[in-house]
Every structure is written in structure tokens, then in C-alpha cells.
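Only one structure is covered here, and it is reproduced in the block below.
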Amino acid sequence: MSLTLYNTLGRSLQEFVPAKPGKVGFYGCGPTVYNYAHIGNLRTYVFEDVLVRALRWLGYEVTHVMNVTDVGHLTGDDDSGDDKMVRSAVERGKSVLEIAKFYTDAFFSDAERLGIARPTIVCNATDHVGDMIALIRRIEANGYTYLSGGNLYFDVSKFPTYGELAQLDLSEQKAGARIEVDANKRNPFDFVLWFTRSKFENQALVWDSPWGRGYPGWHIECSAMSMKYLGEHFDIHAGGIDHVSIHHTNEIAQSEAATGRRWVGYWLHAEFLVMNKGKMSKSSGGFLTLQSLVDKGYDPLDFRYFCFGAHYRSQLAFSWEGLDAAKAARKALIEKVIVLKGRAGSPSPLDGIGPEANDYLDRFRGHVEQDLNAPRALSELWGVLKDNAVPAGDALSAAFEMDRVLGFSLAAAERKPVVSMDPVFAAETDKLVAERIEAKRARNFARADEIRDELTAKGVSVEDSPDGTIWKLARG
Ligand code: AMP
Ligand code: ZN
């Protein structure tokens, strides 16, 4: 068996063959940090997390790059409307950078609570403007640009395969049908690479460039940063389905115009989470955040479980009843694992598990390899946990394997021990453990070791596992 993925480029299921055997370069468009992520956005990031976990579980070494958009994204993806960051800063009476920092932290806190593995590289647009300018210069040198009304535009008429990803029929499109008409554009599909004469008097962040002082268009950041960290050709690019027709279409045009070669092998797109009344969007206001679910008594992982109620290429309708069902199911799952732990003591060694559990694992792998079918994969997890013919240790072992892809932290499942611990001590220890995780993430191992020593001195032991870090009072 091998991994099959649905490639939006060509609209077909294709066997996944990475450019370099055993290695995967993956870029997922990250958040625009002008507000909290809504649960629709988070569905897309949960999908990308399953993709990364699945690739790693299947043995690939994955470099996952995610951008953080802190400049250049207008309320319309097609260069129309206001600058999202500036608007948010004005509304909240803060600076753009303060807004960016606050919502970046909020985003990664949500991601962590959802069991989403931190990308290998997280990069801010504002730290990479030099890379964007260098890339735009290449596009310009190859003859794909024009200056008009003070802005530098990409000329789509020079790029014959423009719209291939979205299967756009350019001849049938009338100006203004897809995009607001901008009098400076020669063709309605042309898009801004660099804004100099901004329509926003109060544009907060501007840089010098060969085209004048200004700021980059939104699309160029993804091309520049992905190529910087993954090279001029890489394997997988993903995002929400709304990005197919404009953002990803434009990313392809400008990247391939610069390099003259195929940029990305596989394009994966997650369908929308929809509310009863249609699309959930940040710009239109009134959206649900992860914290709003937590405030109503749900665990973030209940939402993760809810996301597995549909294949990533199908729309998923949000409802409170559905979330209640996910919460109850996840609770039952944890209970099941705790009971099996009590029965078996510990999971069987993976290479020693019997054929009954292995059958479930094989089927699980088949579902994962068939375009990441999380709902079916989840049903195999239930199957192995409920099957009385499977020895408890084997079931646990298989479940923990599956959890490497599903991400419910099952290995850490335990009944909360009834012990009284000084709450100040517990809170201080939590803080130190979190600091150590952060230090390790930042590859500051000296600091991480220092904190471990500090914890040991307090009589606390920490254990790192693929499912996270837990701390205990050391015995004796
Ligand atoms: P943004 O921060 O607006 O750039 O969006 C972040 C990600 O969420 C992008 O990949 C979008 O395509 C995706 N997205 C936006 N709305 C939804 C939704 N309702 N359901 C699923 N994904 C979404
Ligand atoms: Zn992007």
C-alpha cells in the first residue's frame, strides 16, 4: 500500500511520491493575525496537523513551514478592501505589531490546546520583506510585471497556465465578475506584488524597495517564505478551499514566473466548516473561537474529535448537538483507555502484538493512506478498543499507535488522582514545565536542562513522550 492524496492540481487522487525519498517539504498558509482564529480556520489547521502526523507516522521526515501574515492582507483576497491588520489596530487602539504579537500567541495557544504539533518553522511576513523584494525582482527580470498607479502588478497575460489550479476559464470571465475592478490593472486577474501608493493614508508598516517605499502584496509572502525554507520545488502545499481561486492561483503564477519550473507537487485543500446560516468568516464578524467553546464547558479536544466527523474534503456543519456528541464520545474513549490500562498495566510491545490487533492497525493504515480518511481511521480505533477478542495490552498498544495520527493524547489518559497538593506549588511547577517545553522548542537545551534540574530539586520528575510532557512528584 502507499499513500494516495487528492491533488487539487488535476482534481484527482494521486499516489504520493516526494521529490526526495523519505523526506517531505510541506507549506501550509498560516493565520492572518488581526483577530482570533475562528473554529472554521481551526478545522483547516486540524486537517493539516493530521496530514503532518500521518506523514511522520508513515515514516517520512517532514519539514512543516507555516507563515504568519502580519502585513499586506486586505479584507478582499483580490487586493480590494482595507488592510486587515491596520483596521484591527485602529479599532482596538493598539499598534499593528502589538496586535500581531497578541493574536499570534493566541493562535499558537489554540493550536497547542487542539493537539496540533508546532510547525518545524514558523515565519512572519514582516521578517521576510527582503526575501519578498528579491523574489519580485526575479519576476520583474523575467518580464511578468508592470508598474501602474504607483503599484507593481503581476501581468497574468504573460503566464499562459494562469488559473490551472482553479480551472479558471479566463475567456469567460468578465471584468469585475470575480474581482473588484481596479483601474490600474490591465487585466482584472492581475494582482499587486508591491504597493507603493497605498490607498491607506495610515499604512503602519512600510519598507524601501526598488519600486518605492511601500509594502508587499499578500500572496508574495507565501512564495518567498516557502521557497526560502523548502527550496524552489517542494512536495505539498495546503490551505482552506477558499484559497484555490485567488491566493494559491496567484502564488503559483508568481513562483513559477520567478523560477521557470514547477513549484509544488501536491495541492491539498480542506473544505469549510459551515454554520447553519452559511460560511463562518472573521471579516463578517460573529464567529466562534476555541475559547468560546471552552467557556461553555467543552475541552478543545472535543472540537478536534468533532472535526473527525467528516472527511476533510467534505463540508462539516457545526452544531452544538454535534459538539455534544463529540464530547460524549471522546469521554467514552478516554474511559475505555483507562479501563484497558487498569487491566493490562502497560501496552504490549508494538512488534509483539497479535494478529487481532494488527488487523485493526492494517485497516487503520489503509484509511490513512486513502487520502487521510480520519472518520474511518477513528472507527478502527473504536473497533480495537471495544473488541473483547483483542488482549488489553495489544489493544492499548494499537490505540496508542493510531493516536500518533489522531492526536488525542491517549497515552496520558488517566483518572485524576485524588491527592491534595499545594495549589501554589502545582501552579509554579506547571509554569516551569511549560517554560521547559518552550525552551526545548526554541532548541535552547541548556535552559531546558537547567529547568529540569530545578524541578528535580523540587522533587518533581518530568517525562517526555510523543504525546506531550507530564510531571509527577518523584517518589522516595
Ligand atoms: P485566514 O487567517 O483568514 O487567512 O484563514 C486561515 C485558514 O483558514 C485558511 O487556510 C483558510 O482557507 C481557512 N478557512 C477560512 N474559513 C474557513 C472555514 N469556515 N472552514 C475551514 N477553513 C477555513
Ligand atoms: Zn499562502
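Some observations on this one:
- Overall form of region 230-329 per C-alpha gyration tensor (a/c, 1.5; a/b vs b/c): prolate
- The chain: angle of helix 445-457 to the longest principal axis, Cα-based, in degrees nearest 10: 30
- Ranked by the mean number of other Cβ atoms within 10 Å of their residues, highest first, the peptides 287-296, 9-18, 234-243 come out as 234-243, 287-296, 9-18.
- Selection among C123, Y36, T69 by position relative to the dipole of region 18-270 gives C123 as farthest towards the positive end (Cβ unit charges, Cα centre).
- Equivalent-ellipsoid semi-axes for region 346-413 (Cα gyration tensor, √(5λ), whole Å, largest first): 18, 13, 10.
- Protection proxy ranking for 254-261, 93-100, using the average of other Cβ atoms within 10 Å per residue and placing the highest first: 254-261, 93-100.
- Per residue, the chain exposes 45 Å² of solvent-accessible protein surface, assessed with a 1.4 angstrom probe and all protein chains in place.
- Its residues counted as N, region 243-387 yields a C-alpha radius of gyration over 2.2 N^0.38 Å of 1.38.
- Here r is the Cβ-Cβ distance between K20 and A332 and R0 is 56 Å; the resulting FRET efficiency, rounded to 0.05, is 0.85.
- Translational diffusion coefficient of region 283-339 (Stokes-Einstein, Kirkwood radius from Cα pairs, 4 °C, 1.567 mPa s): 105 µm²/s.
- When the charge dipole of region 306-422 is built from unit charges on Cβ atoms (+1 for Lys and Arg, -1 for Asp and Glu) and taken about the Cα centre, the candidate among S379, A398, A325 whose Cα reaches farthest toward its positive end is A325.
- Fraction of antiparallel bridges per DSSP, region 43-157 only, in percent to nearest 5: 55
- Whole-number percent relative contact order across region 423-473, with pairs defined as alpha carbons under 8 Å at least 6 apart: 26
- In Hz, Karplus ³J(HN,Hα) per residue of region 120-136 (6.51, -1.76, 1.60; θ = phi - 60°; x = Gly, Pro): 4, 10, 10, 10, 8, 4, 5, 7, 10, 5, x, 5, 5, 4, 4, 5, 4
- Computed from the alpha carbon positions, the gyration tensor of region 1-67 leads to an equivalent ellipsoid with semi-axes of 24, 14, 11 Å, biggest first.
- In a simple Cβ point-charge model (Lys, Arg +1; Asp, Glu -1; nothing else charged), region 290-412 has a dipole of about 260 debye relative to its Cα centre.
- Across region 18-270, the mean sequence separation of Cα contacts (distance under 8 Å, 6 or more residues apart), normalised by length, yields a relative contact order of 25 percent.
- Folded to 0 to 90 degrees: helix 219-230 orientation relative to the chain principal axis, Cα: 50
- Taking amide H atoms as placed 1.01 Å from N in the peptide plane, the amide H of N151 lies under 5 Å from those of T196, R197, each 5 or more residues away in sequence or on another chain.
- Evaluated at q = 0.06, 0.08, 0.11, 0.13 Å⁻¹, the base-10 log of the normalised Debye intensity for the chain, with identical point scatterers placed on the Cα atoms, takes the values -0.30, -0.53, -0.98, -1.29.
- Region 87-128: C-alpha gyration tensor shape, a/c 1.5 cut-off, then a/b vs b/c: oblate
- Cα gyration tensor shape of region 194-276, rounded if a/c is under 1.5, else prolate or oblate by comparing a/b with b/c: oblate
- Separation of alpha-carbon centers, region 191-241 and region 349-419, rounded to whole Å: 43
- The magnitude of the dipole of the chain, with charges of +1 and -1 set on the Cβ of Lys/Arg and Asp/Glu and taken from the Cα centre, is near 260 debye.
- Under-5 Å amide H pairs with A270, H placed in peptide plane, nonlocal only: G239, G240, I241
- Summarising the strand pairing of the chain, around 50 percent of its internal DSSP beta bridges are antiparallel.
- Projected over every direction and averaged, the convex hull enclosing the alpha-carbon atoms of region 340-471 yields 10.2 nm².
- Counted residue by residue at 0.36 nm each, then reduced by the alpha carbon distance between them, the extension gain from E112 to H233 reaches 40.6 nm.
- Degrees between helix 96-113 axis and first principal axis of the chain (Cα, 0 to 90, nearest 10): 30
The values are calculated or read from the model by the stated rules, or taken from the named source; none is laboratory data. Quick caveat: nothing in here was measured; it's all calculated off a predicted structure. Methodologically, a virtual Cβ is constructed for each residue, glycine included, from the backbone with ideal geometry; neighbour enumeration extends over all protein chains shown. SASA here: full protein model, heavy atoms, side chains in, ligands and nucleic acids out. Shrake-Rupley method; radii C 1.70, N 1.55, O 1.52, S 1.80 Å.
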